[in-house]
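The values are calculated or read from the model by the stated rules, or taken from the named source; none is laboratory data. Note that this is a predicted model, so its numbers are computed, not measured. Because the Cβ atoms are built from the backbone with ideal geometry, glycine has one as well, and the counts that use them run over all protein chains shown. With ligands, DNA and RNA removed, areas are computed over all heavy atoms of the protein, side chains included. Shrake-Rupley method; radii C 1.70, N 1.55, O 1.52, S 1.80 Å.
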Amino acid sequence: MRRLSEPNKVRWLRTAARRQKRSENARRWRSLRAHRRSAGQRDFEPPVPTGSYLVRAPRQMSLRTAHYADTMRFLQAVRKVAFVRRAHVILDFRKTELISTELAPLLAAEIARIKAMRDGNAVTGYSPNDAEARRRLQALGLFKALGIHEVASTEEVEKANEQFEIKTGIALDGEVPDELAEEFSIALGLSVDQRRLIEKAFKEALENISEHAYYDKARIAWPAEQGRWWICCVTSIERKGAFMLACDLGMTIPATIKETAAKRGPSNVAELARYVAANIGRTEDEKLLGAAFQDGVTRRADGKGGRGLGKMKTLIDEFPDGRLILWSGGAKALIEPGGKMTIRRLAQPFYGTYVMWHLGQEPIT
C-alpha cells in the first residue's frame with residue numbers, strides 16, 4: 001500500500017475533519033427538525049425553563065374568519081404539549097395585540113381542562129406587551145387563571161370596566177339559566193314572557209351538553225371533564241344589547257346529531273336523511289350542523305325539548321338586532337333575522353361546540 005507524503009497526509013486529515021464536522025452538523029439539524037415537527041412546527045421553542053414548553057399565541061386572536069385558523073392552531077399546539085408531551089405549558093401572549101371578548105369562555109375552558117386533567121401547575125403564561133391586549137386579558141379573568149402576578153398601570157385599571165364572570169359546572173340546578181335570563185332581561189328591558197322564553201332557551205342549551213356532548217368518552221378528541229360547560233353573559237344597558245357566550249369541550253354537534261335523531265324517533269331519522277340528501281355539495285359536517293336547526297330532526301315526539309337552538313333561532317326575529325353563530329366540528333352556522341341560515345366549512349376543526357347568541361333592542365347602524 002502506497003504511503004502518503006506528509007503534505008498529503010495533512011490534507012487528508014483536514015478533509016476527514018471537515019467531513020466529520022459536516023456530518024455532526026447534519027445530525028444536529030436533523031434532530032432539530034424532528035423536534036420541531038413533533039412539537040408542532042413554529043408554535044414551540046426549546047423548553048424554557050427545563051421541562052416546559054413555550055407556545056406563542058398569534059398576534060390577533062378571535063373567532064373571526066381572518067383570525068380563526070391561527071387561533072385554533074395555537075390551541076391545538078397547547079393541547080399537544082399538555083396531553084401528548086405531558087409537559088408544563090407556558091402560554092406566551094407577549095406579542096399578542098388583539099384578544100377578542102368571545103375568547104373568554106374558550107380560553108378559560110382550555111386552561112381549566114389542563115389543570116383538571118393534569119394538575120394545577122401544568123399551565124402558566126406570559127402577559128401581552130401591548131397595553132390594550134394586557135387590559136383585555138386581565139378583564140377576561142385570565143391573569144388569575146394563569147397565575148400571572150403582574151401589576152397593571154393606573155390607566156389600565158381605570159379602563160378595565162368590562163369584567164366577565166364565567167360560570168361553569170357539570171350539573172344543572174336551574175340557577176345558571178335563571179341568572180343569565182335575568183341579565184338579558186335587565187339589559188334588553190324584556191317582558192315577562194320574553195324572559196321566560198330566554199330562560200328556557202338557556203336551560204335547553206345546557207341540558208343538551210349534559211345529554212349529548214360527553215356521553216361517549218372514546219369519541220372526544222382530547223381529555224375533558226365529564227359534562228363540563230362554560231358560559232357567560234356580556235350586556236350593555238346603554239346599547240340595549242346582550243350576548244351569550246357558551247362552549248363545551250365534548251363531542252361536536254355533527255358527531256352526535258344522528259344519535260339525537262335516532263333517540264327522537266323514526267320520523268326524525270327520516271327528516272335528517274331528507275335534509276342531508278337535499279344539501280348537495282356540502283361537507284358532511286356542514287350538512288349535519290345545519291340539520292341541528294331543523295325542528296323535525298331534533299324535536300321529541302311530544303313537541304317538547306330540543307337543543308335550545310330552535311328557541312334561540314326563533315327569538316332572533318323578536319328583536320331589531322339579533323344573530324346566532326355556532327362553531328362545532330368542521331362547520332360554522334350563522335343564523336340571522338328572518339330565519340336566514342348560512343353554513344360554512346371551517347379552515348380548522350373546532351373540537352367541541354361554541355355558541356354566540358346576540359339580541360339587541362337597537363338595529364345595527
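Couple of notes before you dig in:
- Where labels lie 7 Å past Cα in the beta-carbon direction, separation of Glu182 and Thr168 in nm: 2.3 nm
- Efficiency of FRET between Leu334 and Ser236 - r from beta-carbon atoms, R0 30 angstrom, step 0.05: 0.90
- Less than 5 angstrom separates the built amide H of Ala122 from none of the residues sequence-distant by 5 or more or on a different chain.
- Pair-distance profile P(r), taking every C-alpha pair of the stretch 59-150, with 10 angstrom steps and integer %: 17, 53, 28, 1
- Backbone amide hydrogens, once placed in the peptide plane, bring Gly330 within less than 5 Å of Phe350, excluding anything fewer than 5 places away on its chain.
- Derived scalar couplings between HN and Hα for the stretch 81-91 equal 5, 5, 10, 9, 7, 6, 10, 6, 10, 10, 7 Hz in order, rounded to whole Hz, by the Karplus curve 6.51 cos²θ - 1.76 cosθ + 1.60 (θ = phi - 60°), x for Gly and Pro.
- Extension gain, Lys95 back to Arg196 (0.36 nm per residue minus Cα-Cα distance, nm): 31.9 nm
- Arg282 accessible area, 1.4 Å probe, all protein chains in place, Å² to nearest 10: 90 Å²
- In this structure, the residue pairs whose Cα-Cα separation is over 22 Å, taken from Lys144/Lys332; Lys263/Lys311; Lys167/Lys263; Lys167/Lys287; Lys263/Lys332; Lys115/Lys167, are Lys144/Lys332; Lys167/Lys263; Lys167/Lys287; Lys263/Lys332.
- Taking 0.36 nm per residue of separation and subtracting the current Cα-Cα distance, fully stretching the chain between Glu132 and Lys115 would add 3.4 nm.
- Equivalent-ellipsoid semi-axes for the stretch 223-285 (Cα gyration tensor, √(5λ), whole Å, largest first): 31, 19, 12.
- GluC sites (Glu not before Pro) lying in DSSP loop within the stretch 230-295, provided at most 15 other Cβ fall within 10 Å: Glu238
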